[in-house]
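First up is the structure itself, then whatever we jot down about it.
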Ligand SMILES: NC(=O)c1ccc[n+]([C@@H]2O[C@H](COP(=O)([O-])OP(=O)(O)OC[C@H]3O[C@@H](n4cnc5c(N)ncnc54)[C@H](O)[C@@H]3O)[C@@H](O)[C@H]2O)c1
């Protein structure tokens, strides 16, 4: 018995990079996989059926079950068709891995409308649209059977969004939105038996090659820390029953390191039983902001003691 025998999974953006590694691992563990990929450039231009088909073929050649899907995750109708294809082809849906992504980096003051729209569309809408149709499928199934469905969504956030990387206003805003969407959908779907978590991966793919240069390449004899395959075991764990009870969480993952990340939370507080005035806020400010807390927060916060 493999861990995903009898399960059906959709992996978006599975034609290359991290998503490809997820699809191969889930299939090798027995899942029937819908390999979604639009096949465009790293900036989201164009389309090509080859990447998704190649991964689906790689799985079936090894004796696994897979089918390619070429819909754009940012298309509402495409997302609906993607979920329907999983159900029609393999008889159900148990796991949705939202992973598809593109980059169009620019400083905010130079960014144009198309750069903003394309990135927010693929990431934020491209996570929500498949999740929305999967969620309505699972909710209907749970109502019909009167039992929780035991399904999982794993989203793909990014440290860029959680810590706010300069030069990526479009991407970071979308990724922070994905982290928030993860918590919202975890709350909404809990009663139907759907767990929703997210990862913030770091790996060597075409999206990072240009900026990371040689830094992400393993030195001779060293463990290949930035291989995309390192991300997939964590995703498969989150998508499996082994992670029972874990929902609404964001986990950073790279080879050799996983971290549980937490978002906005109260840090300091001032209170009064009268309406705030500019002066009373000013008087409270010193207890709200220590001198060291007044500037832009650090990009990579330290592990809390
Ligand atoms: N590589 C990293 O270090 C890193 C860091 C943080 C987050 N991420 C995220 O991981 C995910 C995977 O990225 P990757 O690094 O493997 O990049 P990648 O370019 O190798 O893979 C992304 C895949 O998504 C597909 N895709 C793009 N737009 C699509 C659309 N509209 N519909 C369907 N498929 C589409 C692409 O064709 C591509 O095959 C992305 O969400 C990315 O933002 C990656």
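Any read-out appearing in this document is the output of simple, stated calculations on the displayed coordinates, not a laboratory observation. Given the structure is predicted, the values throughout are model-derived calculations rather than measurements. Cβ: placed from backbone, ideal geometry, glycine included. Neighbour counts: every protein chain shown.
Scoring 34-43, 51-60 by mean Cβ neighbours within 10 Å over their residues and listing the highest first yields 34-43, 51-60.
For the chain, the longest principal axis of the alpha carbon atoms and the long axis of helix 169-189 meet at an angle near 70°. Projecting label points 7 angstrom from Cα along Cα→Cβ for residue 269 and residue 225 puts them 3.9 nm apart.
Take 163, 171 and order them by how many other Cβ atoms sit within 10 Å, fewest up front. Walk me through the numbers on the way to the answer.
On the way: 163 16, 171 27.
Arranged by neighbour count, lowest to highest, 163, 171 become 163, 171.
By other beta-carbon atoms within 10 Å, ranking 80, 302 with the fewest at the front produces 302, 80.
For 61, 182, 254, what ranking results if the residue with the fewest other Cβ atoms within 10 Å of its Cβ goes first?
61, 254, 182
Averaging the sequence gap over all C-alpha pairs within less than 8 Å and six or more residues apart, then dividing by the number of residues, gives segment 8-261 a relative contact order of 18 percent. When shorter helices are ignored and each DSSP H run of at least 4 residues is given -39500 (n - 2.57), the per-residue value for the chain at 222 nm works out to -12500 deg cm²/dmol. With a cut-off of 15 Å on the backbone N, the residues of segment 34-50 near the modelled label site 7 Å out from residue 61 along Cα-Cβ are 50. Within the chain, antiparallel bridges make up roughly 15 percent of the DSSP beta bridges whose residues both belong there. Could you tell me how many degrees, from 0 to 90 and to the nearest 10, lie between the Cα long axis of helix 76-90 and the main elongation axis, the longest principal axis, of the Cα atoms of the chain? For 76-90 against the chain, the angle is about 40 degrees.
With the simple model of a label 7 Å out from the Cα in the direction of the Cβ, residue 41 to residue 291 spans 5.0 nm. On C-alpha positions alone, give me the angle between the axis of helix 17-28 and the longest principal axis of the chain, in degrees, nearest 10. Tilt relative to the chain: about 50 degrees. Need one word for segment 8-261: rounded, prolate or oblate. Basis is the Cα gyration tensor (sqrt eigenvalues a ≥ b ≥ c); a/c below 1.5 gives rounded, then a/b vs b/c decides. Rounded, since a/c falls under 1.5. Spin-label pair residue 81-residue 106: with each label point 7 Å from Cα along the Cα-Cβ axis, the two points sit 3.0 nm from one another.
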